[in-house]
Every structure is written in structure tokens, then in C-alpha cells.
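Written below as C-alpha cells is the structure these notes are about.
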Amino acid sequence: MSATHLRWALSLAARRAGLSWTASPRALPSCREEKGFLRGPPSAPPGPGCHFSTEAGVVPPPKKKKQDPDARASISSVGRKIHQRLLQVIGVGGESLGNMHRSDALRLMDEQGLKLVLVDDSADPPLYQLMSGQQIHAEQLKLREKQKAKPAAVQVKELTFSSDIASHDLSTKLKQVQSWLEKKNHVRITLRAKRTASKVALDQTLDDMVQQMPMTVGFVAKPKVIRDGRAMCILRPPSAKELAPQKEKSEPPPLPPTDATPQCSEPGSPPDSPAGPADASKDQAQQ
């Protein structure tokens, strides 16, 4: 096989594999040196003169995810992976054991059958504590309870419309605001002044629009003019104290007590009944 045929075959194989291949003349044997034959098996790797590269270039390594500063803190054993040489160690009972070398801390951990837990990495030297597995589990449960007790982040939704909005469109916007409030979100409403001048203040117009809400709302910021031609307010879900008057109005008034005790009559006498017209005529006939 000649050098030309060999270069053509390698180029064809590289194109099929999605690679770009270039070879220097020195990388391929000449016909005179090899006498038309290749040394070694056909599957041998190319020589140092052959360069393979992808069309997209070198693939960069995957980026490491940045740690969220608000992520839940965890406590666990560091094992023997301690890169600091000098440590400040606390005993299993909370007593201070002073500063010691990393090897001494690991030996003490093995002797007592405990685990080293990083308490404060910002201290100088770093603070570690010897804990048992039961203590580590108890501390993890405490951290989870603290995380559950923290209030969740409140999302603020934004809505902007003009003061000359149609009544139908305003009703649709207010329904959207109500759905956001029911999901425990805050809503920032911005009202733009219409083109024609209006004698009514924008903050009063915005307050009247909010009063059309079918539900009771609370205010983080009441309607106010923030700049020329714009008014703003921030709504929040109502508190239990704000909902109390509404519940009292919705409850029906208590019914008055009724006297259900029947009137007792003398024994042997028929119960009293109103005299009808037939009884009155019989009395007149007897007279």
C-alpha cells in the first residue's frame, strides 16, 4: 500500500469517527523504506505525528456546583480525612482537651471508639469534638427540627395595570391576586395613571380597587404614590386577627330560647281548644 493510499484511508476513517486528522509526512513510512508493507498490526495506534481533535474542541471539565449558603447545615463524622495538622479537640462530655496534633487526635479517637466531628472550621486552630454515633444522630435531629421551625421564604408577585382598566379586566386581575394570596405569597401592585388627567389621587384609586377584592387582605405597604404617575401597594394574606371580625359576621345569631313546656289541665277535663263557629251556634240554640 502506498503512502497516498494510507493517508486517504486514515482520513476517511477519521471523518467517519467525527474527528479531524492531520499527519505529517514523517509520520508515514515511505514506499521505499517499507516496500509497500506496514510494520505491526493494522490496529496499531498512530505515530506521534498524527493529531486527532474533535470539531467542538477540547471538552471542558464539568463545573462544580456552588454550595448554597442557605442550605441546611449537617453534622457528621469526618473520619480520618483531616487536612489540618493542629486541632483543638473537645471531649465526648464537652470538656476541652486542648490543642493536639492530628495523629494524636486520631489515636485518641481509635482508643475510645468515637468519631471526630468538625464543630467550627473558622476557629484557629479548627475545633473538633469527639462524639459517639448516638450523639451525632441526636444532633442531626436537632438541626432538622430547627430547619423546620424556620419560616419559608416568601415570594413577592408583581402586577402592573393602568388606572383606566376596564371593569372586566380588573376583575380578572383581582382573581389572579386572590390566587397568589391563597398560596401565601405577597403581591406588589403598581397602578399607572391614565393619559388623561384625573382629579382623583392615584393612591385613593388603588385603594378603591383593592377594596373590591372578594376576600380580606392585609397590607405590607398601604397604597401610596411612589412617583409622578404611579402608585404602589404590597398585599399579604390576612392574619387570624384580621379574619376574626369576618367570622363573627358570617356566623348566624343564636336562636331565642323557646318554652316547650305544655300547659297542664285538670284531670278528666278535655284539653282546651278554640271554639269554632259550629260550637257557637249550638250554644245559642240551647239558650
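The values are calculated or read from the model by the stated rules, or taken from the named source; none is laboratory data. Predicted model only: the values in this text are computed from it and were never measured. Note that we place each Cβ from the backbone using ideal geometry, even for glycine, and neighbour counts take in every protein chain shown. Ligands, DNA and RNA are stripped out before the accessible areas are found, and what is left, the full protein with its side chains, is counted by its heavy atoms. Shrake-Rupley method; radii C 1.70, N 1.55, O 1.52, S 1.80 Å.
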(message) Suppose we filter the range 204-219 for residues that are in contact with a Cys (Cβ under 8 Å, 6 or more places away or on another chain) and open to solvent by 50 Å² or more (accessible area, probe 1.4 Å); how many remain?
(response) 1
(request) Kindly indicate whether any position in the range 169-184 is more than 15 Å from LEU235 (Cα to Cα), over 21 Å from the mean Cα position of the chain (by Cα), at pLDDT below 90 and open to solvent by 40 Å² or more (accessible area, probe 1.4 Å). (result) no
(request) Please find, within the range 1-22, the residue that is modelled with the highest pLDDT out of those that are outside any helix (DSSP H, G or I) and more than 58 Å from the chain's Cα centre (by Cα). (result) SER2
(request) Mind listing whichever residues of the range 98-153 are open to solvent by 90 Å² or more (accessible area, probe 1.4 Å), part of a strand (DSSP E or B) and of a type outside the set (Lys, Arg)? (result) ASN99
(request) State yes or no: is LEU97 touching a Gly at 6+ places or on another chain (Cβ under 9 Å) and modelled with pLDDT of 90 or more? (result) yes
